[in-house]
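Heads up, the thing below is written out as structure tokens.
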């Protein structure tokens, strides 16, 4: 099968973050590579200590106790577990305390997904490359990075602007403005470009798949619409593109 598959041996990360939108964004970025266990407060995090965990990602400010208490509780049960502390506070005392309590690393918010993924790969092993470039300087940019990771993962599915805006608790206008500011194009254009890029790869590498199968595989239910969008981007039809890029014949 050419579809990306899950790996039953993936590492598991305990994500402790009380803000639902931020937690969703981090989870969306992580779950493509890792199994993610979620907790929004100390008590929920403690409940997960019976599970297999390979790393804990802990927010400093939680509603019932602070992240240091979560880390202390983890150390009692899993003394060697790697842990990364996240905080929006810039106090040097917090950073020092995090390391003294046994944090493996200390990351300031807003997070950079690129840095986070790189550190996770370094700590847990593997050759994972950062999927997103640049640092998130604002909460809005951080959310847009999360949206990009979500689209990369779900591009085959039906995605709408209103759906994504609601997911991150933004109105339509604010979402459109933030998205274009971050990526230099509209959501529709961004999604279409991604789908066409994935389709071009399939056309070149999978001559066993016909044009209809490829259109469906990248999220287009209407083959005619797929053909029009593809021609707009590449200047040729999917069949012509395949003929020019070594993908075999012109299967419909």
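Somewhere in segment 185-196, is a residue in a loop (DSSP other than H, G, I, E, B), surrounded by 13 or more Cβ atoms within 10 Å (Cβ to Cβ) and modelled with pLDDT under 90?
No, because not a single residue in segment 185-196 is in a loop (DSSP other than H, G, I, E, B), surrounded by 13 or more Cβ atoms within 10 Å (Cβ to Cβ) and modelled with pLDDT under 90.
Tell me which residues, restricted to segment 160-179, are touching a helix residue (DSSP H, G or I) at 6+ places or on another chain (Cβ under 8 Å) and either surrounded by fewer than 19 Cβ atoms within 10 Å (Cβ to Cβ) or at pLDDT below 90 (or both).
Once the filter is applied, which keeps residues that are touching a helix residue (DSSP H, G or I) at 6+ places or on another chain (Cβ under 8 Å) and either surrounded by fewer than 19 Cβ atoms within 10 Å (Cβ to Cβ) or at pLDDT below 90 (or both), segment 160-179 yields 161, 162, 164, 165, 167, 168, 169, 170, 171, 172, 174, 176.
Within segment 210-230, which residues are touching a helix residue (DSSP H, G or I) at 6+ places or on another chain (Cβ under 6 Å) and either assigned by TED's automatic domain parsing to the domain that holds residue 156 or not in a helix (DSSP H, G or I) (or both)?
Within segment 210-230, 218, 219, 220 qualify.
Modelled with pLDDT of 90 or more and either crowded, with 19+ Cβ neighbours inside 10 Å or not assigned by TED's automatic domain parsing to the domain that holds residue 168 (or both): which single residue out of 38, 17, 69, 44 fits that description?
17
For segment 50-62, give me each residue that is surrounded by fewer than 18 Cβ atoms within 10 Å (Cβ to Cβ) and in contact with a helix residue (DSSP H, G or I) (Cβ under 9 Å, 6 or more places away or on another chain). Working first, answer last.
Taking segment 50-62 and keeping what is surrounded by fewer than 18 Cβ atoms within 10 Å (Cβ to Cβ), we get 50-52, 61.
If the condition is that a residue be surrounded by fewer than 18 Cβ atoms within 10 Å (Cβ to Cβ) and in contact with a helix residue (DSSP H, G or I) (Cβ under 9 Å, 6 or more places away or on another chain), then 50, 61 are the ones that fit.
State whether the residues of segment 138-151 include one that is modelled with pLDDT of 90 or more and not in a loop (DSSP other than H, G, I, E, B).
No.
Where residues in segment 210-229 are more than 21 Å from residue 161 (Cα to Cα) and touching a residue at least 12 places away in the same chain (Cβ under 8 Å), which of them is surrounded by the fewest Cβ atoms within 10 Å (Cβ to Cβ)?
Across segment 210-229, the extreme among qualifying residues is 212.
May I ask you to verify whether residue 233 is modelled with pLDDT under 90, in a helix (DSSP H, G or I) and within 28 Å of the chain's Cα centre (by Cα)? Let's see the steps before the verdict.
Values: modelled with pLDDT under 90: yes; in a helix (DSSP H, G or I): yes; within 28 Å of the chain's Cα centre (by Cα): yes.
Spelling it out, residue 233 is indeed modelled with pLDDT under 90, in a helix (DSSP H, G or I) and within 28 Å of the chain's Cα centre (by Cα).
Please tell me if residue 94 is modelled with pLDDT of 85 or more and surrounded by 17 or more Cβ atoms within 10 Å (Cβ to Cβ). Step through it out loud before you land on a result.
Numbers: modelled with pLDDT of 85 or more: no; surrounded by 17 or more Cβ atoms within 10 Å (Cβ to Cβ): yes.
For residue 94, the condition - modelled with pLDDT of 85 or more and surrounded by 17 or more Cβ atoms within 10 Å (Cβ to Cβ) - is not met.
Tell me yes or no: at least one residue of segment 104-123 is surrounded by 15 or more Cβ atoms within 10 Å (Cβ to Cβ), modelled with pLDDT of 85 or more, out of contact with any helix residue (DSSP H, G or I) (no Cβ under 8 Å at 6 or more places or on another chain) and under 29 Å from residue 170 (Cβ atoms).
no
The values are calculated or read from the model by the stated rules, or taken from the named source; none is laboratory data. Predicted model only: the values in this text are computed from it and were never measured. All Cβ positions, glycine included, derive from the backbone under ideal geometry; neighbour counts span all protein chains shown.
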